[in-house]
Amino acid sequence: MDDKWPTLEEAKELLNQETKNPRLLIHSRAVSILMKAYAKKFGEGEEKWEIVGLLHDFDYEKNPTKETHIWKGMEILRQKGYSEELVLAIGSHSDSTGIPRDNLMKKTLYAVDELSGFLIACALIKPSKKLKDVDVSSVIKRMKDKAFARAVSREEIKKGAEELNIPLEEHIDFCIKALLPFSEELGI
């Protein structure tokens, strides 16, 4: 099995070639920040995890359906000769693929994907539109409001924390704190 990974710069180039939507670029960056933070916490390879976060949705803009999203991205990564570890990590971030989340990298990607978008939404409804004004209790409260950020799956957020074996409140707190130093870059 080939163990070739893109460099961080190559991953950024691929993301920017395939994705033009600013919100999707911000989402990808937020997920990459959270992946790197968790890699550091778990003592894993920070750059690999950051790359997985950056590229997890790189194909979404051109392939927005369940039938094509992720599968097309996996195909592109394989054509570039990249590691199956990368390909399968990205493939596992949606239950729709059926690819098992059988390692910490895969579980973490699943756990931070939906939550990152939800945290950004929580920040943007604050009068300041700043993440620094978001706390765990306000996120939990917003999770109960089905009309708020309705495209975000609360079940996937909860399931992600469960798969990491981390209490939901602790997971949310960790992610807020990990994103805060990058809030200006993320526009929150």
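What follows is calculated from the coordinates using simple rules that are stated; it is not laboratory data. Every value quoted in this text rests on a predicted model; they were computed, and no experiment measured them. Counting neighbours? That spans all protein chains shown, and the Cβs are built from the backbone with ideal geometry, glycine included.
Estimated from the Cβ-Cβ distance and a Förster radius of 35 angstrom, the FRET efficiency linking Thr97 and Ser183 is about 0.65. Counting only alpha carbon atoms, the long axis of helix 104-124 and the longest principal axis of the chain meet at about 40°.
Shown here: region 28-100, whose C-alpha atoms stretch 34, 24, 21 Å along the first, second and third principal axes, sorted largest to smallest. When the alpha-carbon atoms of the chain are used, the pair Rg, Dmax equals 15.6, 51 angstrom. Treating the angle as unsigned and between 0 and 90°, give the value, to the nearest 10°, between the Cα long axis of helix 8-18 and the longest Cα principal axis of the chain. It is inclined by approximately 90 degrees. In a simple Cβ point-charge model (Lys, Arg +1; Asp, Glu -1; nothing else charged), the chain has a dipole of about 780 debye relative to its Cα centre.
Sequence-distant contacts, meaning Cα pairs under 8 Å at least 6 residues apart, place the relative contact order of region 70-188 at 24 percent. Count charges around Gly53 for me, please; just the other residues with Cβ under 9 Å from its Cβ, Lys/Arg as +1, Asp/Glu as -1. Taking every Cβ under 9 Å from that of Gly53, the sum is 0.
With contacts taken as Cα pairs under 8 Å and at least 6 residues apart, region 1-147 reaches a relative contact order of 22 percent.
Here is how the number arises for the chain: DSSP H runs of 4 or more residues each give -39500 (n - 2.57), the sum is divided by the residue count, and the result at 222 nm is -19000 deg cm²/dmol. Remark: region 99-185 carries a charge dipole of roughly 320 debye about the Cα centre, counting +1 on each Lys and Arg Cβ and -1 on each Asp and Glu Cβ. Volume of the convex hull of region 116-188 (Cα atoms only), normalised per residue: 81 Å³.
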